[in-house]
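The values are calculated or read from the model by the stated rules, or taken from the named source; none is laboratory data. The shown structure was predicted, so the numbers you read here are calculated from the model rather than taken from an experiment. Note: ideal-geometry Cβ built from the backbone for every residue, glycine included; neighbour counts use all protein chains shown.
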Amino acid sequence: MITTQVADVLFVDCGDGYEIKHGDRAGQITYTRQPRARYECLRCHHASPVVTGPTAVAHFTATARTDHRATCPGHPTQQGAQAA
């Protein structure tokens, strides 16, 4: 039997919006509720601030886990910043 332990959590809310279909802004998204994300480490109980906006959320979700693991006091030192 394989057991899995959750060590960290990434919460992402993609927001609400609509795509403009016509005119010079065609293809752009107008948000009624901005995308947002936050990260929590269950090892050291770190909770990041909430990040909002499509560009900020995209960057944050790509780097939050590895950025935190590089400095997490609860992360096993033999694994360093590698993903589990």
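Looking at (1) touching a strand residue (DSSP E or B) at 6+ places or on another chain (Cβ under 7 Å); (2) surrounded by fewer than 13 Cβ atoms within 10 Å (Cβ to Cβ); (3) part of a helix (DSSP H, G or I), which one does His68 not meet, given that it meets all the others?
(2)
Within the stretch 50-64, track down each residue that is free of Cβ contacts under 8 Å to residues at least 24 places away in the same chain and more than 11 Å from the chain's Cα centre (by Cα). Before the answer, list the steps.
Pass one, the stretch 50-64, residues free of Cβ contacts under 8 Å to residues at least 24 places away in the same chain: 50-53, 55-56, 58-60, 62-63.
Result: Gly53, Thr55.
Given (1) part of a strand (DSSP E or B); (2) modelled with pLDDT of 90 or more; (3) not small (Gly, Ala, Ser), where does Val57 come up short, assuming only one miss?
(1)
Looking only at the stretch 14-43, filter to residues that are surrounded by 14 or more Cβ atoms within 10 Å (Cβ to Cβ) and closer than 26 Å to Gly74 by Cβ; which one of those is farthest from the chain's Cα centre (by Cα)? Before the answer, list the steps.
Residues of the stretch 14-43 surrounded by 14 or more Cβ atoms within 10 Å (Cβ to Cβ): 15, 17, 31, 34-41, 43.
Applying the additional criterion that residues be closer than 26 Å to Gly74 by Cβ yields 36-41, 43.
Numbers: Arg36: 8, Ala37: 5, Arg38: 5, Tyr39: 6, Glu40: 9, Cys41: 12, Arg43: 17 Å.
Only one residue tops the list, namely Arg43.
Please find, among Val57, Val9, Val51, the residue that is touching a Leu at 6+ places or on another chain (Cβ under 8 Å) and surrounded by 10 or more Cβ atoms within 10 Å (Cβ to Cβ). Break it down into steps so the answer makes sense when it comes.
Working: Val57 fails: touching a Leu at 6+ places or on another chain (Cβ under 8 Å); Val51 fails: touching a Leu at 6+ places or on another chain (Cβ under 8 Å).
Just one listed residue meets the conditions, Val9.
What's the total number of residues in the stretch 44-54 that are touching an Asp or Glu at 6+ places or on another chain (Cβ under 8 Å) and either more than 12 Å from Val9 (Cα to Cα) or assigned to a strand (DSSP E or B) (or both)? Spell out the reasoning first.
Here is the first cut: in the stretch 44-54, the ones touching an Asp or Glu at 6+ places or on another chain (Cβ under 8 Å) are 46-48.
Next, only the ones that are either more than 12 Å from Val9 (Cα to Cα) or assigned to a strand (DSSP E or B) (or both) stay: 47.
Residues meeting the conditions: 1.
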